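A short worksheet on the structure shown next.
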């Protein structure tokens, strides 16, 4: 093996998995080009790369869903030309996907042993529930679960559901667990739990491949980082060289100063634009919330998932019912009975779930962009296609949406470009307040930077921007002020001088922020 | 015209040619006139159904509505002796109210369309039977309504006026569905109602409007059917008509999930269904097999359409791979 960075002591242990010269082409694209890597028992590999770098293809090959064109996959000393799904599972490779594959209507135990339930004797083949519970208990203990085996999966948080997936992986005696973007939808505290679980797996000599866009998490948990770029190995970093800048450099082939403040406002913020007073939401109907967003600022909205941020955003956008309280825009009280009311007043939402609520995947770029403002693209109630295309073309070039034409179905675009379409439809309508819920989730670094730039440009044009984000670097790097929510209430608002990961985290769990002097060293 | 519609048109012509070859009476003016009359009646019904299906909904009560409103219409003009234009307006208004109630239950009270309209199917049929005391609604001997009869059951230049009515309605509804803001909203809601709502569309109102359109067109066709049969026994009149309408839409390329289908498609679907009915009669197939023939053709049609889609996708992939391989040595 030609890994110069592998110490002699480590290479003495036989790798559990090694890939050698793996190449995979799809019609028109080379997805993987002579890629090699290896994973040793108990090793945590951080696998990073921009979207389209070849990570998904690599996962498909390891899962046995697709075969490489050339190259060798050696699992546990046995060489294969390609794996089948059965061979992959049989050799102890388990996946935990970003989109979880759980049956929400079943309980934890039923999910973990789905299709492999212990049966009672007799012709009826009834499930032996007590034995099932016995089998599940130790698995849950190993992942540090704080929920019971008969809890319905629907009642669990996202992190807890991921633990169920990991327990499922352990139940098939997994020797390699591949976590695909596991933290992208997790809040800070739950991410910690997941990272703990990874350490526990490592302690049992189970290997982990950890795929993430959140580089600081990779930094914390990985023993070695493998960077993919354009289907090729861009480089590997040994433990002592793993740092944010090195990874980014390898990922994009140059240095990007993402850690610094992404954008700063050109001028002081204006007066209050959107003002919520004693607003109560379905998540915490007993807790009234006050929140002000000013013209020309980006207000970061941090907090744990489930703290009620998304629900508040949905109330401000008129999608959810408001349980009391009032909302004013520039001093005028709003009705907000529906999203249509919010849109009419210039309050727009870029929702959390792009594919389900942000855009219509089956419609073209132009049709998506004109949809909220269709009457303006119509004469006598008849849609003018040329007006639609004109608007869409303008937005396409302004935002740099990469697509063959504005007639392209949005379902075929990358995540970043889809998000730009969501933004484009609102930018075409002169927003007064723009609410963005996790605007860069699942989007690669290049597109992220563009979206930050757009948000800043909006704020500089006097728009009040409210950005919900669970990505700490993003919240601190982009916001002008940060509001933190804890269990349905605003636990604090940080001005720029008080920005620090620690302060945000303390507020998110309901503690007081540290005084300004003490923070200096912590950041 | 989409490729799908074109395929359906070709199928209609081929079936027509085959039937003609076996029994030339197919092309007799009297047969064509009768068939196009039925196409007119069922076409109006099916367009209404199409507007509901495009939103991802379904309207199962249309057959019963045809029975109830047809009964009421004949009762209004024959027994209660209302002026027929007034009765006409009343029936259309009743159709709109039925649609509005269905739409309201579905969008405001969040009941499932299948459940709401299934209950409608039972309720309206029962009411119609009760209204006539399970008898028959019909005209007394010598009762005539020349203008009304001309407009509904008459002919212009040999073409049934019901068919002409269908053409006019189809043109108007084509513009509404394929060119108007409302039509775009319907498609958007059918594709993804949540996303449409997040784009600021008042989806509830739009869906409700679709049910009202369906109710109005069903009421209109109820009048046409009433004037065509001239006597109605509510126990059987209009039975299964909702299924004719749904079948026409499905044959015409509509997806029951919503968001897919064209107005030309549903018209062609209606034409094919009536052609099949005619075929059963003309070819001497026992009329008891009527439904079986229809069901079989719809099944084959949907199957061919779906398999064709799979085949085309595979072909495209093979072609792309071949191009890729051909280009590979250059690397």
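When residue B:178 is tested against (1) within 14 Å of another protein chain (Cβ to nearest Cβ); (2) within 30 Å of residue A:336 (Cα to Cα); (3) surrounded by fewer than 24 Cβ atoms within 10 Å (Cβ to Cβ), exactly one condition is not met: (2). For the range A:296-312, does any single residue satisfy the condition of being within 14 Å of chain B (Cβ to nearest Cβ) and within 27 Å of residue A:460 (Cβ to Cβ)? Among the residues of the range A:296-312, at least one is within 14 Å of chain B (Cβ to nearest Cβ) and within 27 Å of residue A:460 (Cβ to Cβ), which makes the answer yes. There is at least one residue in the range B:229-243 that is surrounded by fewer than 24 Cβ atoms within 10 Å (Cβ to Cβ), within 17 Å of the chain's Cα centre (by Cα) and either assigned to a helix (DSSP H, G or I) or free of Cβ contacts under 8 Å to residues at least 40 places away in the same chain (or both). Here the range A:335-353 is the region considered, the condition is being without any contact (Cβ under 8 Å) to a residue 60 or more places away in the chain, part of a loop (DSSP other than H, G, I, E, B) and under 22 Å from residue A:301 (Cα atoms), and the residue that is nearest to the other protein chains (Cβ to nearest Cβ) is A:353.
Among the residues that make up the range B:156-166, is at least one of them assigned to a loop (DSSP other than H, G, I, E, B), free of Cβ contacts under 8 Å to residues at least 60 places away in the same chain and out of contact with any helix residue (DSSP H, G or I) (no Cβ under 7 Å at 6 or more places or on another chain)? There is at least one residue in the range B:156-166 that is assigned to a loop (DSSP other than H, G, I, E, B), free of Cβ contacts under 8 Å to residues at least 60 places away in the same chain and out of contact with any helix residue (DSSP H, G or I) (no Cβ under 7 Å at 6 or more places or on another chain).
Scan the range A:380-397 for residues that are assigned to a loop (DSSP other than H, G, I, E, B), more than 7 Å from every other protein chain (Cβ to nearest Cβ) and touching a helix residue (DSSP H, G or I) at 6+ places or on another chain (Cβ under 6 Å) and the total you get is 1. Residue B:185 passes every criterion in (1) within 14 Å of chain A (Cβ to nearest Cβ); (2) crowded, with 24+ Cβ neighbours inside 10 Å; (3) closer than 24 Å to residue B:117 by Cα apart from (2). Being surrounded by 13 or more Cβ atoms within 10 Å (Cβ to Cβ), more than 30 Å from residue A:31 (Cα to Cα), without any contact (Cβ under 8 Å) to a residue 60 or more places away in the chain and touching a strand residue (DSSP E or B) at 6+ places or on another chain (Cβ under 8 Å) holds for only one residue in A:68, A:118, and it is A:118. Looking only at residues of the range A:449-467 that are touching a residue at least 60 places away in the same chain (Cβ under 8 Å) and under 20 Å from the mean Cα position of the chain (by Cα), we find that the one that is farthest from residue A:481 (Cα to Cα) is A:449. Checking each residue in the range A:122-144 for being free of Cβ contacts under 8 Å to residues at least 24 places away in the same chain and not in a helix (DSSP H, G or I) picks out A:122, A:123, A:124, A:125, A:126, A:127, A:128.
With respect to (1) more than 9 Å from chain B (Cβ to nearest Cβ); (2) closer than 30 Å to residue A:403 by Cα, the lone exception for residue A:279 is condition (2).
Give the residues of the range B:179-214 that are more than 24 Å from residue A:347 (Cβ to Cβ) and without any contact (Cβ under 8 Å) to a residue 12 or more places away in the chain, sorted by residue number. Within the range B:179-214, B:179, B:180, B:183 meet the criteria. Screening residue B:217 on (1) surrounded by 24 or more Cβ atoms within 10 Å (Cβ to Cβ); (2) facing chain A (nearest Cβ under 9 Å); (3) in a helix (DSSP H, G or I) shows it passes everything except condition (2). Of all the residues that make up the range A:354-379, how many are surrounded by fewer than 22 Cβ atoms within 10 Å (Cβ to Cβ) and more than 9 Å from every other protein chain (Cβ to nearest Cβ)? The total comes to 3.
Do we have any residue at all in the range A:67-74 that's touching a helix residue (DSSP H, G or I) at 6+ places or on another chain (Cβ under 9 Å) and closer than 30 Å to residue A:448 by Cβ? No, because not a single residue in the range A:67-74 is touching a helix residue (DSSP H, G or I) at 6+ places or on another chain (Cβ under 9 Å) and closer than 30 Å to residue A:448 by Cβ.
State the number of residues belonging to the range A:157-180 that are under 18 Å from residue A:39 (Cβ atoms) and modelled with pLDDT under 80. Step through it out loud before you land on a result.
Taking the range A:157-180 first, the residues under 18 Å from residue A:39 (Cβ atoms) are A:166, A:169-170, A:172-180.
This time we only want the ones that are modelled with pLDDT under 80, so: none.
Residues meeting the conditions: 0.
The values are calculated or read from the model by the stated rules, or taken from the named source; none is laboratory data. Since we're looking at a predicted model, the values are computed, not measured. So basically every Cβ, Gly included, is an ideal-geometry build from the backbone, and we count neighbours across all protein chains shown.
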